Amino acid sequence: MTYYRSIGAALLASAAMVTAAAACETTFRSSDTHPEGYPTVTAVEYMGELLEERSDGRLCIEVFHSAQLGEEKDTIEQTQLGVIDMNRVSLGPFNNIIEETKVFSLPYIFRSTDHMHNVVDGEIGDAILAEFENHGLVGLAYYDGGSRSFYNSQKPITSKDDIEGLKFRVMQSDVFVDMVDALGGNATPMPYGEVYSSIQTGVIDGAENNWPSFESSGHYEVAGYYTLDQHLIVPEVLVMSKAAYDKLSAEDQALVRQAAKDSVPVMREQWEAREAASEEKVRAAGVEIVEDIDKTPFIEAMVPVYEKHVTSEKLKSLVEQIQAVD
Ligand code: GTR
């Protein structure tokens, strides 16, 4: 009896799912490198729920997590081409494509997460999002990416000098290559998915990332030293292919933009919780954490990076505007 009842319930549930799916006139395929349950993934899923509800079931989003659609650099190209509809990525891999995004990827440009929020939630944030439209993309929203710090398999980094000679993976952006070089290390740009095995086999000594990525990628299993130098606070960004966006009516475009914006506070809340949970897990695993490092030599070493990348009047003015925000 119970058996038949549960089969009946399961059939009903799947019938309901088929009906809901059938009602979606358009399902946007959205890419993410992170696994199920990671705050960037759940935020876009939440956005999908809002969109479906507000469009009476016409517009849906399917999130392909865990890099199912590819690594970030490739999925960005595919989103520009319209092969992928939506993409949640770090702003870093856009640096070599959209110059203006560099200003949010400069080491120590943001004083804190609050400072970053004040910048991206204001006019400067909107201006950078608008730049995506010149590159086949529509910038929808910024998500949190915490602060990134160095980890490695060799030794605790207790001062800038300890970085000398260490080989670090960075995201595919010249800004980050120059950042590591300026600190005396060797930078290797590499897709995220290759980092674990590259540390394990000694191709690189380490990488840099925030607590949730350090934890969810399992990098902490092969890199037992984490130094909280917090050199980067790079926001994450949610973009849509302009090809997909342009097919929508003005009303639906507004629905998409609003649902994306409304997912931001939810994402921020989940991010905070995940940061704490990931930190706890990494600490419990016995990773050696250097917390009270003197950041001044790190900050001073970044002068040539700014000089090399902030060259146009436009970028110089953006940097000044960011620094002037509270
Ligand atoms: C994470 C970020 C990802 C990806 C990754 C990386 O913090 O959320 O989008 O950029 O870092 O280092 O490649």
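The values are calculated or read from the model by the stated rules, or taken from the named source; none is laboratory data. The model shown is predicted, which means the values in this text are computed figures rather than measured ones. A quick note on method: Cβ atoms are made from the backbone with ideal geometry, for glycine too, and the neighbour counts reach across all protein chains shown.
Numbers below:
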{"quantity": "Residue within the stretch 183-194 that is surrounded by 20 or more Cβ atoms within 10 Å (Cβ to Cβ), within 13 Å of the ligand (Cβ to nearest atom) and over 23 Å from P304 (Cβ atoms) present", "calculated": "yes"}
{"quantity": "Hits in the stretch 133-159 (condition: in contact with a strand residue (DSSP E or B) (Cβ under 8 Å, 6 or more places away or on another chain), farther than 27 Å from E123 by Cα and more than 16 Å from the ligand (Cβ to nearest atom))", "calculated": "S153, Q154, K155, P156, I157, T158"}
{"quantity": "The stretch 238-262, residues that are surrounded by fewer than 18 Cβ atoms within 10 Å (Cβ to Cβ) and in contact with an Asp or Glu (Cβ under 9 Å, 6 or more places away or on another chain)", "calculated": "A243, Q253"}
{"quantity": "Of all residues in the stretch 216-237 being within 11 Å of the ligand (Cβ to nearest atom) and not in a loop (DSSP other than H, G, I, E, B), the one that is surrounded by the fewest Cβ atoms within 10 Å (Cβ to Cβ)", "calculated": "S216"}
{"quantity": "Count of residues meeting criterion [closer than 17 Å to S149 by Cβ and either more than 9 Å from the ligand (Cβ to nearest atom) or without any contact (Cβ under 8 Å) to a residue 40 or more places away in the chain (or both)] in the stretch 195-213", "calculated": "6"}
{"quantity": "Members of the stretch 84-100 that are in contact (Cβ under 8 Å) with a residue 40 or more places away in the chain, within 22 Å of V256 (Cβ to Cβ) and more than 9 Å from the ligand (Cβ to nearest atom)", "calculated": "I84, D85, M86, N87, F94"}
{"quantity": "Number of the exception - F132 against (1) free of Cβ contacts under 8 Å to residues at least 40 places away in the same chain; (2) buried (at least 17 other Cβ atoms within 10 Å of the Cβ)", "calculated": "(1)"}
{"quantity": "Hey, V175 in the same structural domain as P191 (by TED's automatic domain parsing), crowded, with 20+ Cβ neighbours inside 10 Å and in contact with a Pro (Cβ under 6 Å, 6 or more places away or on another chain) or not", "calculated": "no"}
{"quantity": "Any hit, the stretch 55-74, residues being within 16 Å of the ligand (Cβ to nearest atom) and in contact with a Leu (Cβ under 6 Å, 6 or more places away or on another chain)", "calculated": "no"}
{"quantity": "Top-ranked residue in the stretch 302-313 [being touching a helix residue (DSSP H, G or I) at 6+ places or on another chain (Cβ under 7 Å) and part of a helix (DSSP H, G or I); ranked as nearest to E123 (Cα to Cα)]", "calculated": "H309"}
{"quantity": "Positions within the stretch 63-83 being assigned to a strand (DSSP E or B) and without any contact (Cβ under 8 Å) to a residue 12 or more places away in the chain, in sequence order", "calculated": "none"}
{"quantity": "Contacts under 7 angstrom Cβ, first residue in the stretch 249-274 being farther than 16 Å from V237 by Cβ and without any contact (Cβ under 8 Å) to a residue 60 or more places away in the chain, partner part of a helix (DSSP H, G or I) and not hydrophobic (A, V, I, L, M, F, W, C), 6 or more apart", "calculated": "Q253/Y245"}
